[in-house]
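Engineer: For reference, the structure I am asking about is given below.
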Amino acid sequence: MPNYTSAQYTALQDQIRHYNHQYYVLDNPTVPDAEYDRAMQELQAMEAQHPQWITADSPSQRVGDVPLEAFAQVQHVVPMLSLDNAFNGADLQEFDRRLRERLHKHTGRDVDAEVVYTCEPKLDGIAVSLTYINGVLAVGATRGDGHTGENITQNLRTLDSVPLKLLGQDYPEILEVRGEAYMPTAGFDALNARLIAAGEKTYVNPRNTAAGSLRQLDSRITATRPLQLCAYSLGQVSDATALPRQHFDVLTQLQSWGFRINAEMRRVQGIQACLDYYQSLSAKRMQLPYDIDGIVFKVDDFALQQELGFVARAPRWAIAHKFPAQEEMTQLLKVEYQVGRTGAVTPVARLAPVFVGGVTVSNATLHNMDEIARLDLHEGDTVIIRRAGDVIPKVVQAVTAKRMASAKPLSAPHKCPVCSAELEREEGEAALRCPNGFSCAAQVKEAIKHFVSRKAMDIDGLGEKLVEALVDAGHIQHVADLYSLNHATLANMERMGDKSATNLINALGASSATTLGRFLFALGIREVGEATARSLALHYGKLENIMAATAEELQLVEDVGPIVAGRIVHFFADQHNQQVIYQLRAAGINWPENKPTPAQALPLTGTTYVVTGTLNTMGRDQVKAKLQAYGAKVAGSVSKKTDYLIAGAKAGSKLAKAHDLGVPVLDEAEAMALLAKLAEA
Ligand code: I6G
């Protein structure tokens, strides 16, 4: 442990006070939670080394900071304390050992006897207190500094999951229930989608949004926010003897009085079962319809809890086992611009490597220049990165407090970083575009990668690196050149040999027998995805008919609106594209020609399905292909336009959204029955 100086100690105290003020008072945290936890841990380490330094006003001696004055104050009769943290399995085992030894010492309880624990996900929201007098909600308050909170009764009354009157009769005269007010991810995403549509600034994460929503002075604004409450413990109770003697049973009782409790809550025996629970919930974390930042383990028996008591600001009988943080702070080293298949120029943040969401991240997407402007990014900024689950890491905020006064705002490039063409920005579009489609090496490479991909021509053995090397070496200029590659050229490429060259030549040969839908998709026409390509193929039957169609005619096809129709006409009007198609066909690309089938003829025409979760009977792609073959549109996300959601096991936010929007849901058995019926018809 380093030898700290008292100057370092007071500086760190000041730093944490500042963090607390930003977090608890202004609802505007300037650092990620993990950074705060580290600072607090370091302060505690300093205090362990120099106990004589500790003053009553040290941030370690209380939770949070003074409340804002705009709301009336509420004194907590029973303080709302916080929880100690465990950051790994060893910390958790140590917690269990400590408390068993303490119980043994004070009560003679067998030190090896396993303790019964309740396990609950720790929702990432705001701790609140709800006091009921004779079963009627009297006061709702924030935690504040743990002793004094803010009276936000009017706001909490607007949450559907907060009972205004308790159910049943058997509740104590005074009952204070504590829990977490939080915003489910589907509600958060929908809120941000509305803001994007209105061209407004979006929220950073569900927790901050929940906090901001609860601190509204006008409760009508709170009422528009999709907040929920999950109860997790009791505060003041007039007659505790009438209540169950175990934590788990109290929560079950709270449920019967009308509170939402966490569906994942379990009662287990021994610390190993707690570790197992942690593992199983970690695996499930991304499928949960809300953010959690850890698991709370509590000694279940109140008699044991009472015996264990509290230390400083936290109970000895509970601990929060934190997950790896999903948000971290790091340095923006530079912004680079990548050119995509359609010429769209995407900024990518290059970052000082940082461990976040369980992996080391050194790049994050910035989407487009509007996003850079929205984040008000400057050169060399300190930024907050968020990586939730397998989602691509995102820059969510610039930490302006850490910005150098001389830092310049990031400006948009004028020239394509690959071919130096002057960039264009289409009216109403966020993306900058390189107009040099056929000679910009970046676009050529991306077009070829798309052409060979699994859902397009499905050519095995042509990885991204090889495509790039073939373009760089001048062996291919466009997709049709693939079919004139010879064995010697391929075998001479780096990491290729005789066998892989032969395999690739065979794969190219095999790809020539395809379908019109795949071929159309492989051409990479802007806005023409797999589903649209299939609809076009089905509707027209022949490529020549599509190439000859007018924009008006094209709009008769399922999925094709004026923009897509315009893109298709524009693509086929281009001489270079016509030439490439001619060469591809001359190289032997063929497909069975079909009779045109007006899309209306199919049984699922006009319906939109979304497929999510794990299906056991057949893969998701196979189910989607079958639905499409019956004329359905298969969309990637649930919206009001969705007719049915097919939800397999472990369905997550899409299922929650379907429930929110009232979209009918088919489980796997129902979906299979539908497909079987369609197959019979
Ligand atoms: O902040 C908290 C989150 C969840 C808690 C908590 C909890 O139980 C599931 N329980 C206690 C006792 C405290 N804070 C103080």
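The values are calculated or read from the model by the stated rules, or taken from the named source; none is laboratory data. Values in this document were obtained by computation on a predicted structure and should not be read as measured data. Every residue, glycine as well, gets a Cβ built from its backbone with ideal geometry; the counts of neighbours run over all protein chains shown.
Engineer: Just wondering, is there one or more residues in segment 285-294 that are touching a residue at least 24 places away in the same chain (Cβ under 8 Å), touching a His at 6+ places or on another chain (Cβ under 8 Å) and within 24 Å of residue 161 (Cβ to Cβ)? Working first, answer last.
Structural biologist: Looking only at segment 285-294, we keep the residues that are touching a residue at least 24 places away in the same chain (Cβ under 8 Å), and these are 285-294.
If we keep only those that are touching a His at 6+ places or on another chain (Cβ under 8 Å) as well, we get 294.
Still in the list and also within 24 Å of residue 161 (Cβ to Cβ): 294.
Yes: segment 285-294 contains one or more residues that are touching a residue at least 24 places away in the same chain (Cβ under 8 Å), touching a His at 6+ places or on another chain (Cβ under 8 Å) and within 24 Å of residue 161 (Cβ to Cβ).
Engineer: Let me ask something else about it. Being in a helix (DSSP H, G or I), of a type in the set (D, E, K, R) and closer than 26 Å to residue 264 by Cβ is true for just one of 120, 176, 94, 114. Which residue is that?
Structural biologist: 94
Engineer: Cβ contacts < 8 Å: first residue modelled with pLDDT under 95, restricted to segment 297-320; second residue small (Gly, Ala, Ser) and near the ligand (Cβ under 10 Å from one of its atoms), any location; separation 6+ or different chain. Result?
Structural biologist: Close Cβ pairs satisfying both conditions: 313/82; 313/146; 314/82.
Engineer: While we're here: Quickly run through segment 492-540 and pick out the residues that are farther than 17 Å from residue 584 by Cβ, part of a loop (DSSP other than H, G, I, E, B) and touching a helix residue (DSSP H, G or I) at 6+ places or on another chain (Cβ under 8 Å).
Structural biologist: Once the filter is applied, which keeps residues that are farther than 17 Å from residue 584 by Cβ, part of a loop (DSSP other than H, G, I, E, B) and touching a helix residue (DSSP H, G or I) at 6+ places or on another chain (Cβ under 8 Å), segment 492-540 yields 493, 494, 495, 496, 497, 526, 527, 529.
Engineer: Just the residues that are surrounded by fewer than 22 Cβ atoms within 10 Å (Cβ to Cβ), assigned to a strand (DSSP E or B) and within 16 Å of the ligand (Cβ to nearest atom), please, taken from segment 319-345.
Structural biologist: Listed by number, the residues that qualify are 320, 322.
Engineer: Look through segment 121-133, keep the residues that are more than 10 Å from the ligand (Cβ to nearest atom) and closer than 17 Å to residue 261 by Cβ, and return whichever of them is surrounded by the fewest Cβ atoms within 10 Å (Cβ to Cβ).
Structural biologist: Result: 132.
Engineer: Right, next: I'd like the full set of residues that are within 16 Å of the ligand (Cβ to nearest atom) and among the basic types (Lys, Arg), limited to segment 186-237.
Structural biologist: Once the filter is applied, which keeps residues that are within 16 Å of the ligand (Cβ to nearest atom) and among the basic types (Lys, Arg), segment 186-237 yields only 207.
Engineer: Just name the residue that is nearest to residue 289 (Cα to Cα) out of those in segment 627-681 that are surrounded by 18 or more Cβ atoms within 10 Å (Cβ to Cβ) and touching a Gly at 6+ places or on another chain (Cβ under 6 Å).
Structural biologist: Step by step, filter segment 627-681, then rank; the result is 651.
Engineer: Go through segment 123-172 and report how many residues are closer than 30 Å to residue 284 by Cα, in contact with an Asp or Glu (Cβ under 6 Å, 6 or more places away or on another chain) and either free of Cβ contacts under 8 Å to residues at least 24 places away in the same chain or part of a loop (DSSP other than H, G, I, E, B) (or both).
Structural biologist: The number of residues fulfilling the criteria is 2.
Engineer: Could you please find all residues in segment 241-278 being away from the ligand (no atom under 14 Å from the Cβ), within 15 Å of residue 119 (Cβ to Cβ) and assigned to a loop (DSSP other than H, G, I, E, B)?
Structural biologist: 270
Engineer: I've got another one for you. Give the residues of segment 134-162 that are of a type in the set (Val, Ile, Thr) and either within 30 Å of the chain's Cα centre (by Cα) or crowded, with 22+ Cβ neighbours inside 10 Å (or both), sorted by residue number.
Structural biologist: Filtering segment 134-162 down to residues of a type in the set (Val, Ile, Thr) leaves 136, 139, 142, 148, 152-153, 158, 162.
Of everything in segment 134-162, those that are of a type in the set (Val, Ile, Thr) and either within 30 Å of the chain's Cα centre (by Cα) or crowded, with 22+ Cβ neighbours inside 10 Å (or both) turn out to be 142, 152, 158, 162.
Engineer: Now for a different question. Pairs, please: C-beta under 8 Å, at least 6 apart or cross-chain, first residue charged (D, E, K, R) and in segment 216-237, second part of a loop (DSSP other than H, G, I, E, B) and at pLDDT 90 or above?
Structural biologist: From residues that are charged (D, E, K, R), the pairs are 225/183.
Engineer: Based on this model, can you work out whether residue 290 counts as over 30 Å from residue 98 (Cα atoms) and surrounded by 15 or more Cβ atoms within 10 Å (Cβ to Cβ)?
Structural biologist: So residue 290 fits the description; yes.
Engineer: Please indicate, with yes or no, whether at least one residue in segment 173-185 is under 22 Å from residue 263 (Cα atoms), away from the ligand (no atom under 16 Å from the Cβ) and not β-branched (Val, Ile, Thr).
Structural biologist: Within segment 173-185, one or more residues are under 22 Å from residue 263 (Cα atoms), away from the ligand (no atom under 16 Å from the Cβ) and not β-branched (Val, Ile, Thr).
Engineer: Same structure, new question: Looking for whichever is at pLDDT below 90, of a type outside the set (Ser, Thr, Tyr) and within 30 Å of residue 510 (Cα to Cα) here; the options are 628, 600. Which one fits?
Structural biologist: Unique residue meeting the criteria: 628.
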